[in-house]
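Worksheet: the structure to be examined is printed underneath.
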Amino acid sequence: MAAPPSSVLAFDGGRVLAADPTEAERVEGLLARLQPELLGLLPDTSFEDLDVWVQDTPSLYMNATEASTDAEGLWSPTHQRIMLSRHADHIERTLAHELTHAALGESWGLLPGSMEEGLADHVSGSLCESGASRLRAGRLSSACLATGGVSLQVDVLPRALSCPAGAPRAGWSACIRLKGEADGTDPMDVFRLAAGLSSTKLESGAKRGFYGLAYLAVARIVDRGGYEGLQELCLRAKQQGLSRVPSSWILDAAGLDAAAASWRSAAAASMGEAELIELVRMYPDFVSDAVHGYLTSTGARIDDPAQLEVEISLREGSATVLLSQIPDLEATIAMDLKRPQPDGVQVASAHR
Ligand SMILES: [Zn+2]
């Protein structure tokens, strides 16, 4: 067993153990904001005194099978301890996620399979607005990737100003389907498998898929009836003497059915402009491939993507964005175009 972090900051409600007092105070400040907000947001929640350990890699050091793991954070109910990675992508959001596990009262225990993970993610998005669209994009695209992939269209047109007056503008379109390792997942397994438990052995792609599917179901139920609507399912199941909320109730409340296609199209439809921008940032290659495809197929001599109108849209769903809305990617593609291209290279052929 390794020693706990050395700097200890005790306060009303628990302790933070971190590498130094500055790090401990930072986490204590986050707890002071997140804990009361979480209690106000979710019914049947409370906190006992808890410890938060800030570590390089979150680990319990003993009997790891009883802890639930989210890679960047861990919650051990036995120890009333959250273990947090100081290298987490968004430490506040990871803390909010683990605090949700810590706060949930007995009634929430009737959520089946991975649904509690979807709830913890959804709550962390509500409490931490910065980075919420990144979280949504990640979870919703994982849900699509587990159930057939994300279908996108890229349309490239020269801007009217960069063409001779009256000349026809030749455009180029590419249809792209992003596929994931977890493709072919039965979405109903989200109700059978607890992806957050370290005792559930899953490949990371499959795990992301279940987090995505659980997030999607929770988001659709909360959109319709708030967190109370989700809790009502738990209370009703308890009243009827059931040990778990039946999956059919969750499907009904979320407006989904058992078929993978219904989950995929619902996930795509839930993505708005902000999420699509994040998705393009996650997989930028297909956009630069499309620009190259346009240039190779039309023979146009353009070295600045600002002379092009590049529109990216979700084929299942309504979100559409322009490359000019993502200036960092536009700049990367511009740099790429200025590099001399060998003649006759078919950059985008794989994506037509
Ligand atoms: Zn979790």
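Things worth noting here:
- Residues being of a type in the set (S, T, N, Q) and either touching a residue at least 40 places away in the same chain (Cβ under 8 Å) or away from the ligand (no atom under 13 Å from the Cβ) (or both) - total across the range 92-106: 1
- Any hit, the range 211-232, residues being among the polar types (S, T, N, Q), part of a helix (DSSP H, G or I) and at pLDDT 95 or above: yes
- For Glu129, the test of being part of a loop (DSSP other than H, G, I, E, B) and among the charged types (D, E, K, R) is passed.
- Those strands (runs of 3 or more DSSP E) of the range 13-80 in which 3 or more residues are within 26 Å of Tyr215 (Cα to Cα), within 16 Å of the ligand (Cβ to nearest atom) and at pLDDT below 90 are absent.
- Val218 being in contact with a His (Cβ under 6 Å, 6 or more places away or on another chain) and either within 16 Å of Ser265 (Cα to Cα) or outside the structural domain of Leu74 (by TED's automatic domain parsing) (or both): yes
- Residue match in the range 76-90 (condition: out of contact with any His (no Cβ under 8 Å at 6 or more places or on another chain), hydrophobic (A, V, I, L, M, F, W, C) and closer than 30 Å to Ser248 by Cα): no
- Gly148 passes every criterion in (1) surrounded by fewer than 23 Cβ atoms within 10 Å (Cβ to Cβ); (2) in contact with a helix residue (DSSP H, G or I) (Cβ under 7 Å, 6 or more places away or on another chain); (3) assigned to a helix (DSSP H, G or I) apart from (3).
- From Asp121, Asp89, residue being surrounded by fewer than 18 Cβ atoms within 10 Å (Cβ to Cβ), closer than 26 Å to Asp56 by Cβ and within 16 Å of the ligand (Cβ to nearest atom): Asp89
- The one condition from (1) within 22 Å of Ala137 (Cα to Cα); (2) surrounded by fewer than 13 Cβ atoms within 10 Å (Cβ to Cβ); (3) of a type in the set (Lys, Arg) that Arg208 does not meet is (2).
- Enumeration of residues in the range 293-319 that are in contact with a Ser or Thr (Cβ under 8 Å, 6 or more places away or on another chain) and hydroxyl-bearing (Ser, Thr, Tyr): Ser313
- Residue count for the range 107-118 under the criterion of being part of a helix (DSSP H, G or I), of a type outside the set (A, V, I, L, M, F, W, C) and within 12 Å of the ligand (Cβ to nearest atom): the result is 3.
- Any hit, the range 252-275, residues being over 30 Å from Glu181 (Cβ atoms) and touching a helix residue (DSSP H, G or I) at 6+ places or on another chain (Cβ under 8 Å): no
The values are calculated or read from the model by the stated rules, or taken from the named source; none is laboratory data. Remember, predicted model here, so these are calculated numbers, not experimental data. When we count neighbours, we look across all protein chains shown, and the Cβ atoms used for this are built from the backbone with ideal geometry, even at glycine.
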